[in-house]
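See below for the structure under consideration.
The numbers here are math on the coordinates, done by the rules we state, and not lab data. Note that the coordinates shown come from a computational prediction; the quantities given were computed from them, not determined experimentally. So basically every Cβ, Gly included, is an ideal-geometry build from the backbone, and we count neighbours across all protein chains shown.
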Amino acid sequence: MSDLTAIDILIEPDDDALQHARKWNARLREGVPDGFALDATHQPHVTMLQRYVRTAQLDDFFDAVGKAVAGIDVATLSLQAVAIAHANWGTPGQEPAALMLQPNPQVLDLQAAVLAAATPFVQADGTGAAYLLDPGEKIDQNTLEFVKNYVPNQIGAGGDFTALGAGGKPAPGAKGYTPHITVGVGRTDDLKAIDDEPFETFAVHPAGVAVYHLGRYGTARKQLKKWTLAKK
């Protein structure tokens, strides 16, 4: 077992948002049939925090995050899907795509709370050994650096909710939390056509908060802990 575990503290979206994500995934896979499907090891989600946590302290880490989550009234949390964006990265002619979400201030408060709870258990420099990988898989340097630098790059207000950069991540130089739901990989031509279509915005309501073990490309591969959110 690795000394560090690469984790993702994430929001699990409500059923309506999941239906939107799966609809987009199915459409993208019409053009790229071997693109990843949203399934048990590629769950639609909204990342709040990615970090390297000391494996021996995971139970204490879960307790601390659970207390932070318990202090939040789920009725106050909401995000708005405002666009579908894609990145010029990966296989030529194909690009990752995501639903870009505008968070309300209470979501930023939740992110700040889980960051404060997680920080005592975090270590900076994780390696590929910290990830959940299938045989033969390796972690690229971009993923290692993204998780290492999630704080401060993806913390607090100021994110760009209309564009993605390399690897489906926010554009280089962008600062501030940019929540999104990755929905798959599409043909570049198809995605450019989607750019010209009107986007119907919709609300995303959190149904739960969970901690996942990160995999290749920062995917949420295995659930380690979950808290169901209930109105107070």
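Tabulated data for the structure shown
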read-out: Among Q57, L110, M100 the positive-end extreme of the charge dipole of region 15-151 (Cβ point charges); value: M100
read-out: Stokes-Einstein D (µm²/s) once Rh is taken as the Kirkwood radius of the chain over alpha-carbon pairs, at 25 °C in 0.890 mPa s; value: 138 µm²/s
read-out: Projected-area mean, region 28-110, by convex hull of Cα positions, square nanometres; value: 8.1 nm²
read-out: Dipole magnitude (debye, nearest 20) for the chain, charges at Cβ of Lys, Arg, Asp, Glu; value: 420 debye
read-out: Computed P(r) (all Cα pairs; region 98-151; 5 Å bins; percent); value: 4, 14, 18, 18, 19, 17, 8, 2, 0
read-out: Expected 222 nm ellipticity per residue - DSSP helices of 4 or more, -39500 (n - 2.57), all of the chain, to 500; value: -8500 deg cm²/dmol
